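Okay, so here's the structure we're looking at.
Any read-out appearing in this document is the output of simple, stated calculations on the displayed coordinates, not a laboratory observation. Note that the structure is a prediction, hence the values are computed from the model and not measured. Neighbour counts are summed over all protein chains in view; Cβ atoms, including those assigned to glycine, are modelled from backbone coordinates with ideal geometry.
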Amino acid sequence: MKDKIKALETQARRLEPGPNEREAWTRQVTAYTERFLQSLPTTPTYVADDGASMQLDPDIEETPAALDALIDELERAVDTPGINPASGGHLGYIPGGGLYPSALGDFLADVSNRYAGVAFASPGAVRLEKTLVDWIVRLVGYPVGAGGDLTSGGSIANLSALVTARDAQDIKAREIPQSTIYLTGQVHHCVDKALRMAGLDECPRRMVPMDGRYRMDPQVLERMIDTDNKAGLRPWLVVASAGTTDTGAIDPLSAISEICRRHKIWFHLDAAYGGFFRLCEEGRAVLGGMEEADSVVMDPHKGLFLPYGSGALLVRDVHQLARAHSYEANYMQDARAAAADYSPADLSAELSRPFRGLRLWLPIKLLGLGAFRAALAEKIWLARYFHQRLGAVAGFEVGPEPDLSVVTYRYRPTRGDVDEFNQRLLRAVLDDGKVFISSTRLDGAFTLRLAVLHFRTHLDTIDYLLDLLQSSARRLEAE
Ligand SMILES: *Cc1c(COP(=O)(O)O)cnc(C)c1O
């Protein structure tokens, strides 16, 4: 038996490379990441998928492969087609980030593999994450007693928030068809998905009308609540947005919170895109009232420029979050007995999870918060600049002055179909490839969007897009 075990060990030891091999691999990987980063200014932001030349080798082999060959394959098949989210030319949807120190944080976390789900296993990792959550709690303006969890993203954070709201409001299955929810047509689609997953799909949904800037009308909200109350229904949840994905609009938070308090309704705020703008003065000026929500979602992989996989959920009364997510299990008894405070596993659907605090802690400590505040203010001013410049160009019409960093616009051609022209204009920008923009439909009209949120987006990028839009529109008009 020992011979058998030893023979297996010889093979299994391949999983434990020695220092020389580790160093060689690390050098190869960083040589590639350096090449990737240094060529970013000249790499297209968008490359159409051509299928054949970008296929991955489908075989999973028994034997080892050379790292060079794997990196080549990664570059060709993964890092080439589609949108390049590391590029400052990413001006579509809501751009992500990819701060380099976050990658180093992930590297450190993955090598030591500290267990961040339970304080008993890694008190230090749990304390580090708690420090970060407490910092976000203060940023939101929440009182002592608030808490939260670092999640994998905004969709999961919204799901956890809605489950928390459901339990806090004590919505039982049989009451669901009478329990009404209030939101606007601009709420992110992940809320719809989360309601379905949380078993709340049969709650009647009231679409609250919006003003000309796509913000919830609080007076109509209250009238709808009164009507539902009179009809014997039970209003229990309002979902508002601080920075809608489509137009960057911020709902009137204080007015909504007052109504919710009066009617004992849970006020959930999706600030996945906009929340971290509270770090700069320009953002604070428009984000008042966030602290009055019962729960708030914010995405560090948007507003703090982290790589994908970073969301945050904050709940005004952390016990409500725990109530919806805590657990008991015999095999966890040692860990439970030692617990003085909540661990992440008490506050989320996850047990084992990445130590994701390090990818946030390392960059904000290493680079300092001042750089983040400046970058966020810069994004707001870049959006204002684009709005002002494009608005002054004949033929272009721009949407409302941006609250944050999303601008909507379209070109009005002298003849032909407006929607069709703007679709061609979008295609012209994507064919150029240097920058990436996206589109939406507003009141049925095909509309182009600018979303500035990448830390590598600066004035030169916006000027490039302004020139490209004008020259492309002129060319299309002449065709
Ligand atoms: C991006 C976004 C989400 C979804 O978050 P993910 O992190 O992509 O899961 C939800 N709401 C808003 C307003 C968003 O911008």
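Explain nothing, just the number: relative contact order of the range 20-162, from Cα pairs under 8 Å at least 6 residues apart, as a whole percent.
Numbers: 72 pairs, mean separation 22.9, N = 143.
Relative CO of the range 20-162 lands at 16 percent.
Note on L67 and S112: with the Förster distance fixed at 25 Å, the Cβ-Cβ geometry gives a FRET efficiency of about 0.65. DSSP bridge analysis restricted to the chain gives an antiparallel fraction near 60%, rounded to the nearest 5. Subtracting the Cα-Cα distance of T414 and A48 from 0.36 nm times their residue separation leaves 128.7 nm of extension gain. Dipole size of the chain about its Cα centre, with +1 on Lys/Arg Cβ and -1 on Asp/Glu Cβ: approximately 980 debye, rounded to the nearest 20. Annotation: amide H-H contacts under 5 Å for H90 (H modelled 1.01 Å from N, sequence separation of 5 or more, or interchain): F436. Find the percent of Cα-Cα distances in the chain that exceed 28 Å, and round it to a whole number. Value for the chain: 59 percent of Cα pairs lie more than 28 Å apart.
Subtracting the Cα-Cα distance of A374 and E281 from 0.36 nm times their residue separation leaves 32.5 nm of extension gain. Here the contact order of the range 367-479, divided by its residue count and restricted to Cα pairs under 8 Å and six or more residues apart, works out to 27 percent.
How do K130, K365 line up, fewest other C-beta atoms within 10 Å first? List each step's numbers first, then the result.
On the way: K130 20, K365 11.
Neighbour counts put them in this order, fewest first: K365, K130.
As a rough guide to protection, the peptides 24-37, 441-454, 3-16 ranked by mean Cβ packing within 10 Å, highest first, stand as 441-454, 24-37, 3-16.
Of M290, M332, the sequence from fewest to most neighbouring Cβ atoms within 10 angstrom is M332, M290.
Take each of the peptides 156-163, 275-282, average the number of other beta-carbon atoms within 10 Å over its residues, and list them starting from the highest.
Highest to lowest by the protection proxy: 156-163, 275-282.
For the range 21-121, the Cβ-based charge dipole about the Cα centre amounts to some 600 debye (Lys, Arg positive; Asp, Glu negative; other atoms uncharged).
Name the helices (complete DSSP H segments) of the chain with a Cα length along the long axis of 24 Å or more and a Kyte-Doolittle mean of at least -0.5, or state none. Don't skip to the answer; put the middle values down first.
On the way: long enough: 19-38 (28 Å, -1.30); 123-140 (25 Å, 0.61); 369-391 (33 Å, 0.16); 459-478 (29 Å, 0.04).
Span-like helices, by this rule, are 123-140, 369-391, 459-478.
Computed over the Cα atoms of the range 291-369, the ratio of the radius of gyration to the Kirkwood radius (Rg/Rh) comes to 1.02. Lysine pair count for the chain (Cα-Cα distance under 26 Å; residues 8 or more apart in sequence or on different chains): 13.
Put the Cα centre of the range 306-368 next to the Cα centre of the range 63-82 and the gap is 34 Å. Working from label points 7 Å from Cα in the Cα-to-Cβ sense, the E202 to D167 distance is 2.2 nm.
Pull out the extension gain between K230 and Y464, defined as 0.36 nm times the separation in residues minus the alpha carbon to alpha carbon distance; nm, one decimal. Spell out each step's value before the answer.
Values: separation 234, 0.36 × 234 = 84.24 nm, distance 5.61 nm.
Extra length from K230 to Y464 when fully extended: 78.6 nm.
Panel order for D317, D403, by other beta carbons found within 10 Å of each beta carbon, from fewest to most: D317, D403.
T63: net charge of surrounding residues, Cβ under 14 Å, Lys/Arg +1, Asp/Glu -1, itself excluded? Let's see the in-between values first.
Working: positive: R14; negative: D57, D59, E61, E62.
Once all neighbours under 14 Å are counted, the net charge is -3.
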